[in-house]
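Reading through the structure tokens given below for one structure.
Only the coordinates and a few stated rules stand behind these numbers; no lab work does. The structure displayed is predicted, hence computed values, not measured ones. Cβ coordinates were reconstructed from backbone atoms using ideal geometry, including for glycine residues, and neighbour counts include every protein chain displayed.
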Amino acid sequence: MARRKKIYEGKAKILYEGPEPGTLVQYFKDDATAFNAQKKAVIEGKGVLNNRLSEFFMLGLQGVGIPTHFIKRLNMREQLVRQVEIVPLEVIVRNFAAGSMAKRLGLEEGMPLPRPIVEFSYKNDALGDPLVPEEYIIAFGWAQQQELDDIVALALRVNDFLSGVFHGVGIRLIDFKIEMGRIWENDFPRLVIADEISPDSCRLWDIETGRKLDKDVFRQDLGSLSDAYTEVARRLGVLPSNVTHNANGTMIN
Ligand SMILES: Nc1ncnc2c1ncn2[C@@H]1O[C@H](COP(=O)(O)OP(=O)(O)O)[C@@H](O)[C@H]1O
Ligand SMILES: [Mg+2]
């Protein structure tokens, strides 16, 4: 196969130049990181599951009219996407208190919020992706006011879609983080959902038992991360047929 130009290697994925201009190939790695990469591990099979799950959610979003960068899945670990200009924000939507919000406000994890809350952190690993108010986003020009309003509206639509899909398989969507990007058309930017949607970037609790089925399993040493992600994929019906577990719980593919 022709050598592809590597454009970026991040914590969870590698980006390669795509076959056509304006496209990229996202390769999903098995690396898991937490606490701004202070905790690291290789979780065999995670990349395969996240590639499938992200495809599933991006196609679902497109199905309800929400634009995404997704073009098609290429193989077990790679998908073809539109190259976008990433808005340098992590857009976080919260339905229940958890994580940094629970800590900051002294709230009990799992407490329902009065309404979905959208917050932003500035995408900068060196600074640990700090939480930023909208005022900063406008003042520093990371997005314009109208675009920011569109970002919030889009994030809430994604929340409604994802909450419903997860609810249908007995999972509570506590919160999630997405990235958005701009595709320029005739000098006008159009917002699309980019990056990935997977249990790496969501908090997912089993509705019946409260069992965590997301990256908190890794952050908090709650057991096998691949078991948790496999359970999510199994419930959604997107488990690749040739991924199974051996006796040690290690994924084979
Ligand atoms: N469609 C896209 N076009 C351009 N960049 C993208 C696109 N989708 C995701 N990205 C960027 O690719 C990188 C994905 O790699 P990842 O391992 O998640 O990186 P990080 O360690 O920065 O989170 C992120 O920096 C993300 O902003
Ligand atoms: Mg990332």
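Observations on the model:
- Each of 188, 87, 170 was placed along the dipole of the stretch 85-206 (beta-carbon charges, centred on the mean Cα), and the one lying farthest toward the positive end is 170.
- Its Cα gyration tensor gives the chain an equivalent ellipsoid; the semi-axes, largest first and in whole Å, are 26, 24, 17.
- ³J(HN,Hα) computed for each position of the stretch 194-203 - Karplus, 6.51 cos²θ - 1.76 cosθ + 1.60, integer Hz, glycine/proline x: 10, 6, 8, 10, 7, x, 5, 10, 10, 9
- Built amide H within the under 5 Å cut-off of residue 73, gap 5+: 80
- Among 87, 42, 165, the largest mean-square fluctuation in a Gaussian network model of the chain, built with springs joining Cα atoms closer than 10 Å, belongs to 42.
- Förster radius 22 Å - calculated FRET efficiency between residue 3 and residue 72 (Cβ-Cβ, nearest 0.05): 0.55
- Debye, to nearest 20: dipole size of the chain, +1 on Lys, Arg Cβ, -1 on Asp, Glu Cβ: 680
- Secondary-structure-derived ellipticity at 222 nm for the chain, considering helices only, amounts to -8500 deg cm²/dmol, per-run term -39500 (n - 2.57) for DSSP H runs with n ≥ 4.
- Calculated P(r) tail over 23 Å for the stretch 85-206, as whole % of Cα pairs: 32
- Cut-off under 5 Å, modelled amide H: who pairs with residue 113 long-range: 96, 97
- Within a Gaussian network of the chain (alpha carbon springs, distance under 10 Å), most fluctuating of 134, 185, 78: 185
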